[in-house]
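What follows is a structure written as structure tokens; I'll ask about it next.
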Amino acid sequence: MTSAQRITAEEVGTTPRYAAAIARLAAETGRDPAVLDAEARVGLAELATGHGRVVHGALVRAGRALCRRGYDRIDVDPAQVARLRETFAAAPAVVLSSHRSYLDGAALTAAFHDAGLPRTFEFVGINLAFWPMGALWRRMGGILIRRRASEPVYRVALRAFLGRLVERRLPLRWFIEGTRSRSGKLAPPKLGLLAWVVEAGREADVDLMLVPASVSYDQLHEVEEFAGEAQGAAKRAESLGWLLRYIRAQRGRFGTIHVRFGEPVSVRAALGGQDGKAVPGDVALAKLAFEVSWRIAEATPITGIALVAVALLGARGVPLSLTQLRVSLRGYLTHAGRRGLPLATGANITQPELLERHLDALVERGVAIRLGGAVAGRFGTAPGSHLKASYYRNSLVHHYLTGAIAELALLAAAEAPAGERRASFEDAALALRDLLKFEFFFQEKEEFLGSVEAEARRIDPAWPVSLERGEAGARAALGTADMLASDMMLRSFLAAYAMLGEVLAGWGSEAAPDDAALVDACESAGRKSLDEGRLSTPESVSRVLFRSGIELARQRGLLAARPDASERRRGFVEELQRWLARMDEVHGIAVRRVRTLVAAEPG
């Protein structure tokens, strides 16, 4: 390796930044600087890395071979690659990627190599440093980082290392979520690394370009694992044996890997009034990270498998024929075309052969079930597989989120007195935005309201007039829409939150138990509701969703003991039940519309 392709502990340990940090820490703690230096250099040795030409070539070949065990190809957008090539040539770049699978790194490395893009230095959790992978990572640009960087001496080493990477303008890459998504949608960004890299860019006076990257899959072997974790199974520890089992499990027919890149974000421009040199506050940094996450989500293509999962879950256990599936999803494709949403190859499931191919794949993987024979059969979600189906569905929810909110806001506003309904529409949209803020990334308030109103116009160009007719007008508007998304997209989230609210209400005004015990109680209550037939969405019984709900409840002050806690918790449940009742109404309208369209189909 040449010096341009590696960064060593010795190199970082001689920088003024490192020496100043050790001196500060010694002054703060009263410890001997020499002892602190020796401890910090242990961390620097862990972080040291480089690109060996032979090892990198072998990594590309191995990664490509691993991907090809289960996938027909890695699909990239040539126009996005051309833009990314210009970005790398013009400025120091940081690629921030979604994280759905252990395959993500291999897919990105192979895609970068095949497109002639620069090698990146990738941050990797030290949990993946088991023998012999630790030594290999350090020869292929992997920066092994501890999961918890709270120890002061290690923080000094890490920040100095990051600073040197930025000073040398080396291209970086990491997963902005920090860990694989267990739900199928993008998880909240982790800010630690980003904060330190932004600070290093400020100190080096360079404008970093943050590149949003999305890696997604038609199907994913790990969905089985994620569904198990959502039901309480423990995450398996990584080891050599685990790696060999993981490689063997990739053999199959999983479709295509989709790699996409969003519009890069200039750190200096995004921080605005802070001119890129002032230390960004927590709010500014969070907005920067959310902007990147928003662009990752927007770049993620809609797949045919995800669309089929939408229909199967939205049917609430009613088996659907091929015609019913095709008709119920036609509006989603029309909507995607009108808005210019990214579509994966194979997403046009109005073509019967594509729809049948996706259904066969889901049946083969045990996600869907075929009833009534191969010729005129009907399809449903396989028993016990709702969480797996919801993983695929959740990968596209963000594309239809504002439309779903517009539907529910129309129904809510129609309940308000005449003359107040337009204002109530905005209030309802903002209320839903607040309920779902721990699940999705939203635009700033005015942009968000503009997007929701645009979706209301899509439902009904004369929606303000229809709204003034009250509930009958809102129902009539929804009845003519080419697509109704709210029940199919959002019910599982709000139903899980309602379950949490009912559990909290059971404690009266007492403090809620710790988060782990609360999740256990929610899961128990959810399973009882399923057994009693009171819950129509089995995918709502998810520890992942309950944890998000707990964050919302904590933010609303619903977990602590207080005199009015019981009343406030009951109010939370009632709020959610009102939204779920409106979803029932949307579901009824959608079912009637599909029946009408199916009856009009030729043959």
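The values are calculated or read from the model by the stated rules, or taken from the named source; none is laboratory data. As the structure is a computational prediction, the values presented were derived from the model and not from experiment. Every residue, glycine as well, gets a Cβ built from its backbone with ideal geometry; the counts of neighbours run over all protein chains shown. Ligands, DNA and RNA are excluded from the accessible area calculation, which covers all protein heavy atoms including side chains. Shrake-Rupley method; radii C 1.70, N 1.55, O 1.52, S 1.80 Å.
From the residues Val156, Gly142, Phe175, which one has its Cα farthest along the dipole of the stretch 137-183 in the positive direction, the dipole being from +1 and -1 charges on Cβ of Lys/Arg and Asp/Glu about the Cα centre?
It is Gly142, whose Cα lies furthest towards the positive end.
Could you give the dipole magnitude of the stretch 323-479 about its Cα centre, charging the beta-carbon of Lys and Arg +1 and that of Asp and Glu -1, in debye to the nearest 20?
Rounded to the nearest 20 debye, it is 640 debye.
Length gain on complete extension for the stretch Gln351 to Thr596, per 0.36 nm per residue less the alpha carbon to alpha carbon distance?
So the chain would gain 86.2 nm between Gln351 and Thr596.
Something else now. Only Lys, Arg, Asp and Glu count, each charged at its Cβ (+1, +1, -1, -1), so figure out the dipole size of the chain about its Cα centre, rounded to 20 debye.
Here the size comes out at about 1640 debye.
To continue, here is another question. Can you work out ³J(HN,Hα) from phi for every residue in the stretch 420-437, in order, using Karplus 6.51 cos²θ - 1.76 cosθ + 1.60 and θ = phi - 60°, giving whole Hz and x for Gly and Pro?
Each residue's phi maps through the Karplus curve to give 10, 6, 5, 5, 5, 4, 5, 4, 5, 4, 5, 5, 5, 4, 5, 4, 9, 5 Hz.
Still on this model: Efficiency by 1/(1 + (r/R0)^6): what FRET value for Gln577 and Ala516, r their Cβ-Cβ distance, R0 = 25 Å, to the nearest 0.05?
FRET efficiency, Gln577 to Ala516: 0.40.
Continuing with the same structure: Using only protein heavy atoms and a 1.4 Å probe, report how much of Met209 is accessible, in Å² to the nearest 10.
Solvent-accessible area, nearest 10 Å²: 40 Å².
Separate question: Pop out the carbon and sulfur fraction of the accessible area of the stretch 476-603 as a percent, whole number, probe 1.4 Å.
C and S fraction of accessible area: 51 percent.
Expressed in nm to one decimal, what extension gain is obtained for the pair Asp584 and Glu447 from 0.36 nm per residue of sequence separation less their Cα-Cα distance?
Separation in residues times 0.36 nm, less the Cα-Cα distance, equals 46.5 nm.
Follow-up question, since we're still on this one. In units of 2.2 N^0.38 Å, what is the alpha-carbon radius of gyration of the stretch 482-603?
Taking the Cα Rg and dividing by 2.2 N^0.38 Å, one obtains 1.25.
Below 8 Å, C-alpha to C-alpha, sequence gap of six or more: please give me the relative contact order for the stretch 336-443 in percent.
Worked out over the stretch 336-443, it gives 12 percent.
For the charge dipole of the stretch 1-84, defined by +1 on Lys and Arg C-beta atoms and -1 on Asp and Glu C-beta atoms about the Cα centroid, which residue among Thr49, Val12, Tyr71 has the Cα displaced farthest towards the positive pole?
In the stretch 1-84, that residue is Tyr71.
Within the stretch 474-534, which GluC sites (Glu not before Pro) sit in a loop by DSSP and count at most 11 neighbouring Cβ atoms inside 10 Å?
In loop regions of the stretch 474-534 (DSSP not H, G, I, E or B), the sparsely surrounded GluC sites (Glu not before Pro) are Glu532.
Return one number: the angle in degrees, 0 to 90 and rounded to the nearest 10, between the long axis of the Cα atoms of helix 78-90 and the longest principal axis of the Cα atoms of the chain.
Between helix and principal axis, roughly 30 degrees.
What does the helix-only formula give at 222 nm for the chain: each DSSP H stretch with n ≥ 4 adding -39500 (n - 2.57), the total divided by the residues, and the result rounded to the nearest 500 deg cm²/dmol?
Using -39500 (n - 2.57) per qualifying helix, the result is -18500 deg cm²/dmol.
Return a whole-number percent for the relative contact order of the chain, with Cα pairs under 8 Å and 6 or more residues apart as the contact set.
13 percent
Placing +1 at every Lys and Arg Cβ and -1 at every Asp and Glu Cβ, with all other atoms neutral, what dipole size does the stretch 436-529 have around its Cα centre, in debye to the nearest 20?
Its charge dipole is roughly 360 debye.
Right, here's the next one. Run the quick spin-label model on Ile247 and Gln5: label points 7 Å from Cα toward the beta carbon, then report their separation in nm to one decimal.
With each label point 7 Å from Cα toward Cβ, the separation is 2.3 nm.
In whole angstrom, how far apart do the alpha carbon centroids of the stretch 30-54 and the stretch 307-364 sit?
52 Å
Let me confirm the definition first: pairs of Lys residues in the chain, 8 or more apart or on different chains, C-alpha distance under 24 Å. How many are there?
17
Among Tyr332, Ala368, Val308, flag the residue with its Cα farthest along the positive direction of the charge dipole of the stretch 302-368, charges on Cβ as +1 for Lys/Arg and -1 for Asp/Glu.
The one lying farthest along the dipole's positive direction is Tyr332.
While we're on this one: Ordering Asp77, Asp514 by how much accessible area each has at a 1.4 Å probe, largest first, what is the list?
From most exposed to least exposed: Asp514, Asp77.
Keeping every protein chain present and rolling a 1.4 Å probe, give me the accessible area per residue for the chain in Å².
That works out to 41 Å² per residue.
With label points built 7 Å along Cα→Cβ from the Cα atoms of Arg85 and Asp207, find their separation and express it in nm.
Label-label distance for Arg85 and Asp207, simple model: 2.3 nm.
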